[in-house]
Amino acid sequence: MTSQSLWVAGLLVVGIGTALSMSGPSIVRRYVPVEKLTSHNDIAGFKFATAGVLYAVLLAFVIIVVWEKFSAAQAISTAADRRARRSTISTRHS
């Protein structure tokens, strides 16, 4: 995967994940009877809700960490730009 371009690798990861997600329900429907599936609807709903909440919290933490890293990088870039401008100005007037 490291020798491929980023776009190709991204499409492979997303494509394979999507294909697995789409084929999962059809495989389950083939081997598990509908009566058994309907008896577990209530429990499955709570499990999906819990997984959704956990995913949302994890995603929020990731966004916060990335935002903080971006802010720190932006501050460093701004400070470096100011130093470069001062250096350029001081060499012009020397």
When the chain is fully extended, how far beyond the present Cα-Cα distance does D81 get from I16, taking 0.36 nm per residue of separation?
19.1 nm
Looking only at A73, A44, A60, which one moves most when the chain is put into a Gaussian network model with springs between Cα atoms under 10 Å?
A73
In the chain, what is the volume of the convex hull around the alpha carbon atoms, normalised per residue and reported in Å³?
133
Take W7 and V65, extend 7 Å from each Cα along the Cα→Cβ direction, and tell me the distance between the two endpoints in nm.
3.0
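Just so you know, all these numbers are worked out from the coordinates, no wet-lab data involved. Since the structure is predicted, the reported quantities are computational estimates derived from the model, not experimental observations. All Cβ positions, even for glycine, are placed from backbone atoms using ideal geometry, and neighbour counts span all protein chains on display.
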